[in-house]
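The values are calculated or read from the model by the stated rules, or taken from the named source; none is laboratory data. Because the structure is a prediction, the values reported are computed rather than measured. Cβ placement follows ideal geometry from the backbone for every residue including glycine, while neighbour counts extend to all protein chains displayed. What goes into the accessible areas is simple: the full protein's heavy atoms, side chains included, and nothing from ligands, DNA or RNA. Shrake-Rupley method; radii C 1.70, N 1.55, O 1.52, S 1.80 Å.
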Amino acid sequence: MKPIRTTCPYCGVGCGVQVTLEKGGVSVRGDEYHPANQGRLCSKGTALAETVDLPERLRHPRIRGQRVGWEEAIGAVAGKFRQVIDRCGPEAVAFYVSGQLLTEDYYVANKLMKGFIGSANIDTNSRLCMSSPVMAHKRAFGEDCVPASYEDLSRADLVVLAGTNLAWCHPVLFRRLAEAKRENPKLYVVAIDPRRTYTADRASLHLPLKPGSDAVLFNGLLHYLHGSGCMDEIFVREHTEGLEAALAEAEASAPDIPTVARACDLPPDLVRTFYARFAASRRVVSCYSQGLNQSSSGTDKLNALLNCHLLTGRIGRKGCGPLSLTGQPNAMGGREVGGLATQLAAHMAIEDPIARERVGRFWDAPRVASEPGLKAVELFDSIASGKIKAVWIMATNPVVSLPDADQVKRALADCEFVVVSDCVGDTDTAALADVLLPAATWGEKDGTVTNSSRIVSRQRSFRTPPGEARPDWWIVSRVAKAMGYGAQFDYASPAAIFREHAALSGFENAGERQFDIGVLADLTDAEYDELEPLPWPVTVAAPRGTPRLFGDGRFPTPNGRARFVAVTPRVPARLPDNDLPFVLNTGRVRDQWHTMARTGAVPRLAGHAPEPFVEIHPDDARNLSLTEQGLAWVRGKDGKEVLMRVKLSERQRPGSLFVPMHWNGQFTGQGRVNTLVAANTDPISGQPEFKHAPAAIRPCPCAWYGFVLSRKAIHPRLRYARYWARVRAGEALWRYEAAGDAAPPEWAGRARELLGTEGDIWIEYHDTLRNQYRAAVLNGEKLEAAIFIGPDPDLPPRESLNDLFEKPVLTRDDRMRLVSGHSASGCGGERTVCACFRISEQAIRQAIEQGLTSVEDIGRQLGAGSNCGSCLPELEAWLRQSPDQGQ
Ligand code: SF4
């Protein structure tokens, strides 16, 4: 059967995926014809086939926990929203949507809220990752446009990676960059990041700057470039404005390299090398993501960097330009349709009365919102204060992902009416819903997405949604109809919505708005089905799209000139102090996605980072008596604490902590890190400062540590444990890590209480002196569960026990292995580094010790690194450390 060409639902790289239907499932591979990835996929994309049958799917609408039919659910949502609007006005309702939605879903949600309800209170979780670049682009270029494309990475002389851990967060782009460097060894890569990430390892130069000091670094660069005669005088004279003020601010804050070096806590030579390299490189691409964006002055930091591209005219040409890397698969598509509360639709400004009238006429809308709505943090504050009384949350989990996450949880718990549409029903947010609506997910719905390179691609369905799940556009349109707007929401298909969206982008647009795909408004359903990836704008003059913007030096500002922005560097909203002396930085790990609803279901993605952790520099750890694999309390805002595993790493700057953002109430007991982060936002974009939260850390000594392998989920019975975290160890196997304050008087009773299988065969070993307990529970000859308890985290390797759960009959040796625990080696279990072939760190390091000297050798011998390549940065790092490589 012909493969179905679709796109990956995770990051903003937007890789093309080919799905082949097979007996009993699907197989997935990279789409070699997609311009974003040309066949490559990272570990998450490679494992997509294992996520199509999500175990916790929401299959039917529910009202307060009771299953209902669609008609009743839609009537309840429409009726309550109508009632609140009639009682308190349109500003009393809100939608909180997501970069996971397809453009067509987003389009109808925005149209309903901004055109028909008459409020702009629709914001998206893209506010948390992309709103500072949106505002920086608007300030500099007049419109939210990403000028460069992925192709430019391989044509550049210098690539600046500012606040972006490409190796883990955009792995396929990282591989594209590595390949570009192999083909052009002169390509110079600068990584600007307080952490020495795997991305920084591969860079030609790493600037481990003080967190929050980026604007000084870029202001210094502007001043240096100007003083070194690097200004493109013709470009600046003909195509820009505002240079003088920007230069004055740059000189005031960053007059020379020693001043910059002090402010950024960098050796002056590193700063000098970076500046000289930027000055000497004709073709420069700057990539940036959350490290710059998630700051209380993110917009300014970005404009400080954009200023350098404008000064040197390194924009609009091959191998040149700023390239904002979006976090989510459709963050850019959401921006196109007005998914942010501060935009209207099709890149038109909500503040512009002409645009409002135009959109109102196009939509035949009775009341287009007349002013910007509430941005994400403000929106949830308004729910907390009772100003917003009804909220509809689509495809996102704000109880985990927003800052001050406990306040968000309280706000939703107290809100008069909460609707959640999602594909799974067991999220922290879904637990607070009055109405739960089952949404179709990846593989089940059709539409388009736009990636970081402005490429609009089709996402295609290849299976029927389970139960009564429906696409989001269908759900929103039904509610709109039930609210009385039937004529304007009578869509038969996503193709019809796309045509309308495309038509609006070209409506009364004589080139003023760069976002224009108007020529696609006449696509037939069949042409929409076959639509190939295209970078916008797509016009009569550019029917195959436009890979690079601003080549003619004209910008979508009123006078056609790009604008320098004078940037006064600001310190983060709150600095560390005696009480909270560390800077906490939150972010992604390689193999998990957002709040783990999808990736958390895949055993082979769990092995790379199986537990929530806090990474700390070994010197800081020593001073605080923290040990590798021990547990630690991390404290932040209002004394809130989370509990996680300690990881020592010299990659971390002293004084800094890193905690992954993914863990939630379904996967650990006390690990929602955003409960510690205050809701400080950028005053221009409203983007929260996730990268600079003051925090403290202290050890959490426990009397016992253990793990459980069980076919059944047991965490509801783990309440007595001080700490627990779980991963999927196999298709029908959970692994729990746990620790507690005091060992119970006898473990046998506690184990039975926990595993709940008193009637089966128990094999047990208990050494009361050494506080060691091990047990295996058999159902006939089959292993049901195993439990290992000890006085410290040094417990038997976990992965090697998984295969025992696949055996129909356990041998005597197997049984001995279970209770003897004799194969104990190291603590914390083996970490899987190669997710494709499930190869552990231990096996790879051993192979290197035994003489393997290249990633190719490792690939040949172990398989690791030879498929998706996501583990290559780690393999390369260990090879570099090996004494053989050093000789
Ligand atoms: Fe998906 Fe990985 Fe590509 Fe991102 S880099 S789109 S997660 S396959």
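Suppose we filter the stretch 79-111 for residues that are crowded, with 24+ Cβ neighbours inside 10 Å, assigned to a loop (DSSP other than H, G, I, E, B) and of a type in the set (Gly, Ala, Ser); how many remain? Number of matching residues: 2. In summary, residue 104 fulfils each of the numbered conditions (1) more than 16 Å from the ligand (Cβ to nearest atom); (2) more than 23 Å from residue 332 (Cβ to Cβ); (3) touching a residue at least 40 places away in the same chain (Cβ under 8 Å) with the single exception of condition (2). Given the condition within 30 Å of residue 654 (Cα to Cα), in contact with a Pro (Cβ under 9 Å, 6 or more places away or on another chain), open to solvent by less than 10 Å² (accessible area, probe 1.4 Å) and at pLDDT below 95, answer yes or no: does some residue in the stretch 601-618 qualify? No, the stretch 601-618 has no match at all.
A quick yes/no check of all residues on (1) touching a strand residue (DSSP E or B) at 6+ places or on another chain (Cβ under 6 Å); (2) acidic (Asp, Glu):
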residue: 837; (1), (2): no, no
residue: 842; (1), (2): no, no
residue: 849; (1), (2): no, yes
residue: 854; (1), (2): no, no
residue: 865; (1), (2): no, no
residue: 874; (1), (2): yes, yes
residue: 882; (1), (2): no, no
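Of the helices (runs of 4 or more DSSP H) lying entirely inside the stretch 246-360, those carrying at least 3 residues that are of a type in the set (S, T, N, Q) and buried (at least 20 other Cβ atoms within 10 Å of the Cβ) are 298-312. Pairing residues of the stretch 168-182 that are open to solvent by 30 Å² or more (accessible area, probe 1.4 Å) with residues that are among the small types (Gly, Ala, Ser) and outside any helix (DSSP H, G or I), at Cβ distances under 6 Å and at least 6 apart in sequence or on separate chains, gives 175/869.
Looking only at the stretch 579-621, count how many residues are out of contact with any strand residue (DSSP E or B) (no Cβ under 9 Å at 6 or more places or on another chain) and part of a helix (DSSP H, G or I). Total meeting the criteria: 2. Among the residues of the stretch 190-236, the ones that are within 30 Å of the chain's Cα centre (by Cα), at negative phi and not basic (Lys, Arg) come to 26 in all. Of all the listed residues (134, 146), the sole one being part of a helix (DSSP H, G or I) and β-branched (Val, Ile, Thr) is 134.
Among the residues making up the stretch 831-887, a single one is touching a Ser or Thr at 6+ places or on another chain (Cβ under 6 Å), under 17 Å from residue 171 (Cβ atoms) and in a helix (DSSP H, G or I): 859.
Across the stretch 529-550, not a single residue is classified as surrounded by fewer than 16 Cβ atoms within 10 Å (Cβ to Cβ), at negative phi and of a type in the set (Ser, Thr, Tyr). Within the stretch 444-470, restricting attention to residues that are part of a loop (DSSP other than H, G, I, E, B) and within 27 Å of residue 548 (Cα to Cα), the residue that is nearest to the ligand (Cβ to nearest atom) is 451. If only residues of the stretch 709-735 that are hydrophobic (A, V, I, L, M, F, W, C) and part of a loop (DSSP other than H, G, I, E, B) are counted, the one that is most open to solvent (accessible area, probe 1.4 Å) is 732. Return a yes/no flag: does the stretch 118-128 have any residue that is surrounded by fewer than 24 Cβ atoms within 10 Å (Cβ to Cβ) and modelled with pLDDT of 95 or more. Yes: the stretch 118-128 contains one or more residues that are surrounded by fewer than 24 Cβ atoms within 10 Å (Cβ to Cβ) and modelled with pLDDT of 95 or more.
Residue count for the stretch 347-378 under the criterion of being out of contact with any helix residue (DSSP H, G or I) (no Cβ under 9 Å at 6 or more places or on another chain) and among the hydrophobic types (A, V, I, L, M, F, W, C): the result is 2. Within the stretch 10-28, being under 10 Å from residue 49 (Cβ atoms) and either of a type in the set (Ser, Thr, Tyr) or more than 22 Å from the chain's Cα centre (by Cα) (or both) holds for 19, 20, 22, 25, 26, 27.
Conditions (1) aliphatic (A, V, I, L, M); (2) under 30 Å from residue 314 (Cβ atoms); (3) open to solvent by less than 50 Å² (accessible area, probe 1.4 Å), marked per residue:
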position	(1), (2), (3)
552	no, yes, no
559	no, yes, no
570	no, yes, no
573	yes, no, no
581	no, no, no
593	no, no, yes
599	no, no, yes
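Please enumerate the residues belonging to the stretch 47-79 that are within 30 Å of residue 836 (Cα to Cα) and not aliphatic (A, V, I, L, M). Selection gives 50, 51, 53, 55, 56, 57.
Among residues of the stretch 1-18 that are within 10 Å of residue 462 (Cβ to Cβ) and open to solvent by 10 Å² or more (accessible area, probe 1.4 Å), none has a Cβ under 9 angstrom from a residue that is within 7 Å of the ligand (Cβ to nearest atom) and modelled with pLDDT under 95 at a sequence gap of 6+ or on a separate chain.
Scanning the stretch 164-195 for residues that are of a type in the set (Asp, Glu) and under 14 Å from residue 154 (Cβ atoms) yields a count of 2. Set side by side, the residues 686, 665 differ, and just one is closer than 30 Å to residue 753 by Cβ, out of contact with any Phe, Trp or Tyr (no Cβ under 9 Å at 6 or more places or on another chain) and in contact (Cβ under 8 Å) with a residue 60 or more places away in the chain, which is 665. For the residues 743, 738, 703, the requirement of being touching a residue at least 24 places away in the same chain (Cβ under 8 Å) and open to solvent by less than 30 Å² (accessible area, probe 1.4 Å) singles out 738. Across the stretch 1-20, the number of residues qualifying as within 13 Å of the ligand (Cβ to nearest atom) and assigned to a loop (DSSP other than H, G, I, E, B) comes to 8.
The set of residues from the stretch 741-763 being in contact with a helix residue (DSSP H, G or I) (Cβ under 6 Å, 6 or more places away or on another chain) and under 17 Å from residue 709 (Cβ atoms) comprises 754, 763. Here residue 77 meets each of (1) out of contact with any Phe, Trp or Tyr (no Cβ under 8 Å at 6 or more places or on another chain); (2) away from the ligand (no atom under 15 Å from the Cβ) with one exception, condition (1).
In the stretch 31-65, the residue that is farthest from the ligand (Cβ to nearest atom) out of those that are among the aliphatic types (A, V, I, L, M) and more than 22 Å from the chain's Cα centre (by Cα) is 63. Before we move on, is residue 28 surrounded by 17 or more Cβ atoms within 10 Å (Cβ to Cβ) and either more than 11 Å from the ligand (Cβ to nearest atom) or free of Cβ contacts under 8 Å to residues at least 12 places away in the same chain (or both)? No; evaluated as a whole, the condition is false for this residue. Answer yes if at least one residue in the stretch 37-59 is of a type in the set (Ser, Thr, Tyr), surrounded by fewer than 18 Cβ atoms within 10 Å (Cβ to Cβ) and over 30 Å from residue 381 (Cβ atoms), and no otherwise. No, every residue in the stretch 37-59 fails to be of a type in the set (Ser, Thr, Tyr), surrounded by fewer than 18 Cβ atoms within 10 Å (Cβ to Cβ) and over 30 Å from residue 381 (Cβ atoms).
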